[in-house]
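The values are calculated or read from the model by the stated rules, or taken from the named source; none is laboratory data. From a predicted model like this one, the values you see are computed outputs, not experimental measurements. Backbone-built Cβ (ideal geometry, glycine too); neighbour counts: all protein chains shown. SASA here: full protein model, heavy atoms, side chains in, ligands and nucleic acids out. Shrake-Rupley method; radii C 1.70, N 1.55, O 1.52, S 1.80 Å.
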Amino acid sequence: MKYQEVLDYMDSLKSYGIVPGLDSVRELCRRLGDPQDGLKFVHVAGTNGKGSALAYVSTVLKCAGYRVGRYISPTIREYRERFQINGRVITQKDLCALADEVKEVCDAMRAEGLPHPTPFEVETALAFLYFYRKKCDLVVLETGMGGRLDATNVIRHTLVAVLTSISMDHMQYLGSTLEAIAGEKAGILKPGCRAVSAQQEPEAMEVIRVRAQQLGIPLTVADINLTGRVRYGLEKQRFDYDGMKDLEITLAGRCQIGNAALAVETCRALRECGYAIPDTALRQGLRETSWPGRFTVLGRRPLFVADGAHNEDAARELAASIELYFTNRRIIYIMGVLKDKEYDRIIELTARYADQILTVTPPGNPRAMGSYELAQEAAKVHPRVTATDSLEEAVELAHLLAGKEDVILAFGSLSYLGRLMEIMEQRERREKKRKA
């Protein structure tokens, strides 16, 4: 297949939906030679903060001299971002060759009357094959959803299982209580690995502790109370953590201090596994980590910030960051969400900070909530809401409404932030040409 044919093929697999369970992906991997069995993993599960924690850990490991695979979803800019080694995305040539190989196996499974693997199962098997053949020292692996029955959990050689913040999300698949969801996420813990968790709500923390005790594995909690001298900022943030002084990160958002602390504890756990990670590499990795779409500054005067706050817990963190960074600033929202998310709670938690709300329909996503429907919901709690017909219109209208000292904040589904970034880059180029 050529590259566009690969994209079309992956898109066609969406008809197979989401099917939790390991039987199909296990059979797919078996027919591919079980490449995952030749790899060692840092496995990351949680509701919010997975991508950031993964980015910190993989960047630190790269700075320590390791060849590091990185498997993520969803992506911001382009499909190939799902598969990275030391920050470089897979080439079109490699992706096409691997997709041909995996497709042949999937077709054979279907011909034999077996269920066709789902899109995520196909991508996960492809990732294992890619990282194995490229001889990665370590793979930092992000679950798609849940943990226990997530396709990534077919792996056997987990060094460190990492649990980021756990909250209510994907309830139709994971359960209707925080305990049930935490149980699914904690399903990535395995005998012989080390567990590292962010601070959790008490009921989630108890589930994780019990699971670790049952398996007889050590559990470390990244205690936010061990942070000190925190200096917040949009460009850089500094803090002390458990004996390490003056750590620096460039990711903005209040939650990033906790995500970075979780990465520090993960790297300490890897040291206990025999991996050499000097403090200099840890500091450098934290400082050099970038992760688009997480309270990312896209423009100035007016300040334009994009954030992927897409569920209740993330919206609560976004509200805290607004209070931290934008006190007494006039804020204009661009908001786009998926209809299967808690859009009512997202609106309720964030609406009071906005002077004006512009709604958009995230493009190209069948789960997207329509701009006008979202506007109707937002109008229940806010007097100034406008539905827009496109991202381009929303960006232009926001700039017309905003003064130079105001803030434009775009948030909601990560699925539209990549296109939003392209629009802002085009706008910035036009402005430079106009001023030249």
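Residues being among the acidic types (Asp, Glu) and either touching a helix residue (DSSP H, G or I) at 6+ places or on another chain (Cβ under 8 Å) or without any contact (Cβ under 8 Å) to a residue 60 or more places away in the chain (or both): count how many of those fall in the range 304-339.
Residues in the range 304-339 being among the acidic types (Asp, Glu) and either touching a helix residue (DSSP H, G or I) at 6+ places or on another chain (Cβ under 8 Å) or without any contact (Cβ under 8 Å) to a residue 60 or more places away in the chain (or both): 3 in total.
I'd like to know if the range 217-234 contains one or more residues that are surrounded by fewer than 22 Cβ atoms within 10 Å (Cβ to Cβ) and within 20 Å of the chain's Cα centre (by Cα).
yes
Output yes when any residue across the range 321-333 is more than 30 Å from GLU405 (Cβ to Cβ), assigned to a helix (DSSP H, G or I) and either open to solvent by less than 10 Å² (accessible area, probe 1.4 Å) or among the basic types (Lys, Arg) (or both), and no when none is.
Checked the range 321-333: no residue is more than 30 Å from GLU405 (Cβ to Cβ), assigned to a helix (DSSP H, G or I) and either open to solvent by less than 10 Å² (accessible area, probe 1.4 Å) or among the basic types (Lys, Arg) (or both).
Just a yes or no: is a residue in the range 361-372 at pLDDT below 95 and among the aromatic types (Phe, Trp, Tyr)?
No, that holds for no residue.
Inside the range 1-41, can you point out the residues that are polar (S, T, N, Q) and either open to solvent by 20 Å² or more (accessible area, probe 1.4 Å) or closer than 26 Å to MET168 by Cα (or both)?
Across the range 1-41, the qualifying residues are GLN4, SER12, SER15, SER24.
Here are some conditions: (1) free of Cβ contacts under 8 Å to residues at least 60 places away in the same chain; (2) open to solvent by 10 Å² or more (accessible area, probe 1.4 Å). LEU189 meets all but one. Which one does it not meet?
Looking at each condition in turn, LEU189 falls short on (2).
I'd like to verify a number: residues in the range 189-203 that are under 9 Å from THR158 (Cβ atoms), in contact with a Ser or Thr (Cβ under 6 Å, 6 or more places away or on another chain) and not charged (D, E, K, R), how many?
1
Can you pull out the strands (runs of 3 or more DSSP E) entirely within the range 344-436 that have at least 3 residues that are open to solvent by less than 10 Å² (accessible area, probe 1.4 Å)?
Here the list reads 356-359, 407-412.
For PHE239, which of the numbered conditions (1) in a loop (DSSP other than H, G, I, E, B); (2) open to solvent by less than 30 Å² (accessible area, probe 1.4 Å) fails to hold?
(1)
Quick check on my filter: what residues within the range 35-55 are over 20 Å from the mean Cα position of the chain (by Cα) and within 30 Å of VAL207 (Cβ to Cβ)?
GLN36, ASP37, LEU39, LYS40
Which condition from (1) out of contact with any Gly (no Cβ under 8 Å at 6 or more places or on another chain); (2) closer than 19 Å to PHE295 by Cβ; (3) among the small types (Gly, Ala, Ser) is the one that ALA378 breaks?
So the condition that ALA378 fails would be (2).
Looking at this structure, is ASN311 open to solvent by less than 20 Å² (accessible area, probe 1.4 Å), more than 15 Å from LEU409 (Cα to Cα) and not hydrophobic (A, V, I, L, M, F, W, C)?
For ASN311, the condition - open to solvent by less than 20 Å² (accessible area, probe 1.4 Å), more than 15 Å from LEU409 (Cα to Cα) and not hydrophobic (A, V, I, L, M, F, W, C) - is met.
Results for (1) within 13 Å of GLY49 (Cα to Cα); (2) assigned to a helix (DSSP H, G or I), shown as yes or no for each residue.
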residue	(1), (2)
ARG254	yes, no
LEU262	yes, yes
TYR275	no, no
LEU282	no, yes
GLY285	no, yes
ARG294	yes, no
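Go through (1) part of a helix (DSSP H, G or I); (2) surrounded by 18 or more Cβ atoms within 10 Å (Cβ to Cβ) for ASP107 and report which single condition fails.
(2)
Kindly evaluate LEU61 against the criterion of being closer than 24 Å to THR250 by Cβ, among the aliphatic types (A, V, I, L, M) and surrounded by 18 or more Cβ atoms within 10 Å (Cβ to Cβ).
Considered against the rule, which asks whether it is closer than 24 Å to THR250 by Cβ, among the aliphatic types (A, V, I, L, M) and surrounded by 18 or more Cβ atoms within 10 Å (Cβ to Cβ), LEU61 comes out as yes.
Within the range 42-54, does at least one residue satisfy the condition of being exposed (fewer than 15 other Cβ atoms within 10 Å of the Cβ) and not in a helix (DSSP H, G or I)?
No, the range 42-54 contains no residue that is exposed (fewer than 15 other Cβ atoms within 10 Å of the Cβ) and not in a helix (DSSP H, G or I).
Could you list, in sequence order, the residues of the range 74-93 that are open to solvent by 30 Å² or more (accessible area, probe 1.4 Å) and touching a residue at least 24 places away in the same chain (Cβ under 8 Å)?
PRO74, ARG77, GLU78, TYR79, ARG82, ASN86, GLY87, GLN92
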